[in-house]
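See structure below.
The values are calculated or read from the model by the stated rules, or taken from the named source; none is laboratory data. Note that the coordinates shown come from a computational prediction; the quantities given were computed from them, not determined experimentally. Every residue, glycine among them, receives a Cβ derived from its backbone with ideal geometry; neighbour counts consider all protein chains shown.
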Amino acid sequence: MSSQAGKTLQAIKFDREQVTLQILDQLLLPYNSQYIDVSTISTGYDVIKSMQVRGAPAIAIVGCFSIIVELHTAIVAKQNDFQYTLNDFAVFKTQLVARIHYLISSRPTAVNLSNACNEIIALVESHSNSSSAAALYAAIYSYGVQLYDDDLANNFRIGANGVAYMNQILGGENATPYSIMTVCNTGALATSGHGTALGIIRSAWRSPSSDLKHVFPLETRPYNQGARLTAYELVYENIAATLITDSMASYLIHTLKQQQDAAKPPIRFIIVGADRIVRNGDTANKIGTFQLATIAEHNPDIRFIVAAPKTTIDLKMASGAEIVIEQRPGAELTQVTGGVIDPVTSSVRVLETGAEIGKVGVGAPGISVWNPAFDVTPYQLIDAIVTEDKVVVKGPDGKFDLVGLF
Ligand code: MRU
C-alpha cells in the first residue's frame with residue numbers, strides 16, 4: 001500500500017524474508033503514523049487488546065504473524081527466550097498451544113482471530129510427535145502468509161460483488177445517483193488492504209458502472225473509529241464524504257430525501273462490516289450497528305448490507321444469543337484520545353511524533369459506565385450478506401443459507 005505525505009493506510013507490515021512484524025499504531029491515527037514492533041505472541045496480545053490494531057481480519061492476521069515471529073526467533077534464530085522445550089516435540093506442541101489460547105483471549109467477539117488460531121492449533125496437532133519444530137514452523141508460516149494474501153484478494157472480490165448487488169437493486173447501470181452510510185472502520189486499516197464494507201465503497205467509487213456520489217461515516221463512539229480512521233481513509237482516497245455523529249443518522253436520511261441535492265443524493269445503502277456472523281445470519285459488529293439496521297427497517301428504500309469474508313462466519317453458533325460481547329473499559333467512554341489544536345489554524349496538527357496525542361476527559365468523574373464494544377443485529381433486519389464468493393440474500397422462507405457457502 002502506498003503512503004502519502006508520511007501518511008499510510010498499511011496497518012500490517014510483515015517482512016517475509018526477515019520475518020519481522022510491525023503494526024501501525026491506530027491509537028495515534030489520524031494525527032501521527034507510527035509503527036510498533038511486534039516480536040512475540042505477548043506483544044501481539046497487547047497490541048490487539050489495547051486496540052493499537054483492530055478490525056476482525058487485521059487482528060487475526062496480526063495474531064498469526066505474532067506466532068510466526070515468535071517461533072522464528074526460537075526455532076530459526078535459536079534465541080529461545082520463550083522457554084520452549086525444543087528438544088521434546090510433544091512438550092513443545094503443548095506449550096505452543098497454551099500460548100495460542102492466551103492469544104485468542106485478547107478479544108473475544110471477532111471470530112476471525114479464533115478461527116485462524118484454531119487452524120494453527122489443528123496444524124500443530126496434525127504434526128505427529130516424530131515431526132520437528134522446524135517443519136511445524138514452516139507450515140504455520142505458509143498458513144499465515146496465505147491468510148494475508150487471501151484476505152487482500154477476497155476484499156476485492158467482496159467489493160466487486162457489493163457493487164454488482166447495488167447496481168442490481170438500483171435497476172441497472174448508471175441508474176440512480178446514491179449515497180452510502182457506514183459505521184466503524186472496515187477499510188484498509190482493519191484488514192490486509194482495501195477493506196470489506198469500506199472496500200465496497202472504494203470499489204463503487206472507482207467503478208464507472210456505479211453512481212455513488214457521497215459517503216456518510218458515523219463517528220462511532222466511544223472509540224471513534226469512524227471519525228479517526230474511516231474519515232482518514234476517505235480523505236486519503238479523495239472520496240466525497242461527510243462525517244456525522246451516531247445520533248444524526250435518522251435525521252440525515254430524512255434531510256437528504258427532502259433537500260434533493262445532486263451532490264448528496266438520498267442514502268440507498270447502509271453497509272457495515274462484521275465481527276462474527278452466526279449460522280442464522282445474526283451479526284455481531286461495532287456497537288451502533290443494530291440501531292442503523294433498525295433505521296433501515298423504517299426506510300424501505302434503504303438496503304442494509306453486511307460485508308465480510310467467509311473467515312468471519314461462525315457456523316458453530318446457531319444464533320446471536322450465543323455470541324460473547326466484549327466489554328471495554330469505561331475510560332474509553334469518559335475520555336477521548338485526540339491531537340493538539342494549533343492555536344493559529346484552529347485545526348488539529350498533524351504531528352511529527354505521537355508524544356502530543358493525549359486523552360481529554362468528557363465524562364463526569366465517578367459516573368458508572370456501560371461500554372459493550374459490539375452489538376448483535378438480528379438477521380431479520382439484514383437484506384444481504386456480501387462475501388467473496390457471492391451475495392447471500394434470504395430465501396422464500398425468510399432465512400439465510402450460510403451453510404451453503406462452505
Ligand atoms: O472494535 P473494533 O474496532 O475492532 O471493531 C471493528 C468492527 O466492528 C468492524 O466492523 C469489523 O471488525 C469488521 S473490520 C473489516
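Odds and ends about this structure:
- Checked against the criterion of being outside any loop (DSSP other than H, G, I, E, B), within 23 Å of the chain's Cα centre (by Cα) and more than 26 Å from Leu351 (Cα to Cα), the candidates Val69, Val47 yield just one match: Val69.
- Test result for Ile295, over 23 Å from Leu29 (Cβ atoms), within 16 Å of the ligand (Cβ to nearest atom), in contact (Cβ under 8 Å) with a residue 24 or more places away in the chain and of a type in the set (A, V, I, L, M, F, W, C): no
- Of the candidates Ile180, Ile200, the single residue that is assigned to a helix (DSSP H, G or I) and in contact (Cβ under 8 Å) with a residue 12 or more places away in the chain is Ile200.
- Taking the conditions (1) within 28 Å of Pro372 (Cα to Cα); (2) part of a strand (DSSP E or B); (3) not small (Gly, Ala, Ser) in turn, Arg268 satisfies each one other than (1).
- Among the residues here, Thr345 qualifies as more than 17 Å from Ser50 (Cα to Cα), part of a loop (DSSP other than H, G, I, E, B), more than 16 Å from the ligand (Cβ to nearest atom) and among the β-branched types (Val, Ile, Thr).
- Tabulated pairs, the stretch 111-130, first closer than 19 Å to Glu70 by Cα, second outside any helix (DSSP H, G or I) and among the charged types (D, E, K, R), C-beta under 7 angstrom, 6+ apart or interchain: Leu113/Arg107
- Residues in the stretch 179-211 that are surrounded by fewer than 24 Cβ atoms within 10 Å (Cβ to Cβ) and more than 17 Å from Arg157 (Cα to Cα) were compared, and the one that is modelled with the highest pLDDT is Ser179.
- Residues of the stretch 204-263 that turn out to be within 14 Å of the ligand (Cβ to nearest atom) and either among the β-branched types (Val, Ile, Thr) or in a strand (DSSP E or B) (or both), as a count: 4
- Considered as a group, the residues in the stretch 29-66 that are under 17 Å from Asn115 (Cα atoms) and more than 13 Å from the ligand (Cβ to nearest atom) include one that is surrounded by the fewest Cβ atoms within 10 Å (Cβ to Cβ), and that residue is Tyr45.
- Some residue of the stretch 76-84 being assigned to a helix (DSSP H, G or I) and surrounded by fewer than 22 Cβ atoms within 10 Å (Cβ to Cβ): yes
- Residue check for Ala274: within 13 Å of the ligand (Cβ to nearest atom), assigned to a loop (DSSP other than H, G, I, E, B) and surrounded by 14 or more Cβ atoms within 10 Å (Cβ to Cβ): yes
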